[in-house]
């Protein structure tokens, strides 16, 4: 199999993980890493036997790269991504794609102009529990879907200072909801609070109505001493509960419909039935994501998460912020 030469810009928490995964991939050669922290970048370079740079422009100029992961803070995404793109190198930008819709649009325009692949790192799409849930929804195992409820709670992350919990954390759920529901969002409403963060919101209760009538709730904060990542999808045939962290999926059936009861749209009932644990093979989402990115380059396919999809998720995240600030429902 052909190998691609890959570089990484930023070796903070996420950049270190990218380096670890790339170093194990058979179709990748980790050529170089870059960070302004000399000690940190040198340690990563030594660990994975690769080159290091203190400025990414030097790395782009001196190395022959096929792809680059941009893992710097969100406020730096636009400049770094565009510089990579203008060097005619394929790029994966960690989520969110940028700090603003305008910046995201600029990145997308440059990628189209230079004909390079742009992927956004919405990692939860590559979580095996989400992948299995999507397959079962598409097989109509829930029947008509009524509601989706997302819970994404964490202790406060001191490393994040440039964005709030909506753009950094809740955006995962915004992307997953659009990925699973496949219906446009009709309107949203958000209540937020700022309890610990110095400049941004750190608590969100957000509601969504999709055009097909499905309701969504996003409960996200940086105020919980236990990390929780859970997604519940409720429909006429029962309820799926997905745990992102343990990669466990449970189905709670509606006993009324288990034997194929035909209610003909005239009467519907809900009766507690069996709880079924669905077997899922655990996999690392980041490894799945980076492999998908590399394969899109090798096979010259559209990246599995395009710049447009990253833009859409960012736009909805900013609509939540707008709703909170204006204390009003935002119609899209």
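Taken as a whole, the condition of being in contact with a helix residue (DSSP H, G or I) (Cβ under 7 Å, 6 or more places away or on another chain), part of a helix (DSSP H, G or I) and surrounded by fewer than 22 Cβ atoms within 10 Å (Cβ to Cβ) does not apply to residue 107.
Identify, by number, the condition in (1) farther than 27 Å from residue 329 by Cα; (2) in contact with a strand residue (DSSP E or B) (Cβ under 6 Å, 6 or more places away or on another chain); (3) at pLDDT 95 or above; (4) loosely packed, with under 15 Cβ neighbours inside 10 Å that residue 225 doesn't meet. Among (1) farther than 27 Å from residue 329 by Cα; (2) in contact with a strand residue (DSSP E or B) (Cβ under 6 Å, 6 or more places away or on another chain); (3) at pLDDT 95 or above; (4) loosely packed, with under 15 Cβ neighbours inside 10 Å, the lone unmet condition for residue 225 is (2).
The set of residues in the range 279-302 being farther than 30 Å from residue 250 by Cα and either in a strand (DSSP E or B) or touching a helix residue (DSSP H, G or I) at 6+ places or on another chain (Cβ under 8 Å) (or both) consists of 301, 302. The single condition from (1) free of Cβ contacts under 8 Å to residues at least 40 places away in the same chain; (2) touching a strand residue (DSSP E or B) at 6+ places or on another chain (Cβ under 7 Å) that residue 325 fails is (2).
Quickly run through the range 134-144 and pick out the residues that are more than 16 Å from the chain's Cα centre (by Cα) and in a helix (DSSP H, G or I). Hits for the range 134-144 are 135, 136, 137, 138. For residue 310, indicate whether it is part of a strand (DSSP E or B) and in contact (Cβ under 8 Å) with a residue 12 or more places away in the chain. For residue 310, the condition - part of a strand (DSSP E or B) and in contact (Cβ under 8 Å) with a residue 12 or more places away in the chain - is not met. In summary, residue 245 fulfils each of the numbered conditions (1) surrounded by 13 or more Cβ atoms within 10 Å (Cβ to Cβ); (2) in contact (Cβ under 8 Å) with a residue 12 or more places away in the chain; (3) more than 24 Å from residue 200 (Cβ to Cβ) with the single exception of condition (1). Inspect the range 45-64 for any residue being at negative phi, surrounded by 15 or more Cβ atoms within 10 Å (Cβ to Cβ), touching a residue at least 60 places away in the same chain (Cβ under 8 Å) and over 18 Å from the mean Cα position of the chain (by Cα) and give the result as yes or no. Scanning the range 45-64, I find no residue that is at negative phi, surrounded by 15 or more Cβ atoms within 10 Å (Cβ to Cβ), touching a residue at least 60 places away in the same chain (Cβ under 8 Å) and over 18 Å from the mean Cα position of the chain (by Cα), so the answer is no.
Any residue at all in the range 176-193 that's surrounded by fewer than 19 Cβ atoms within 10 Å (Cβ to Cβ), over 17 Å from residue 142 (Cα atoms) and without any contact (Cβ under 8 Å) to a residue 12 or more places away in the chain? Looking through the range 176-193, at least one residue is surrounded by fewer than 19 Cβ atoms within 10 Å (Cβ to Cβ), over 17 Å from residue 142 (Cα atoms) and without any contact (Cβ under 8 Å) to a residue 12 or more places away in the chain. Filtered by the rule that a residue be surrounded by fewer than 17 Cβ atoms within 10 Å (Cβ to Cβ), part of a helix (DSSP H, G or I) and under 26 Å from the mean Cα position of the chain (by Cα), the range 21-44 gives 23, 24. I'd like to check something: does the range 114-130 contain any residue that is assigned to a helix (DSSP H, G or I) and more than 30 Å from residue 253 (Cα to Cα)? Yes, that holds for at least one residue.
The values are calculated or read from the model by the stated rules, or taken from the named source; none is laboratory data. Predicted model only: the values in this text are computed from it and were never measured. Cβ: placed from backbone, ideal geometry, glycine included. Neighbour counts: every protein chain shown.
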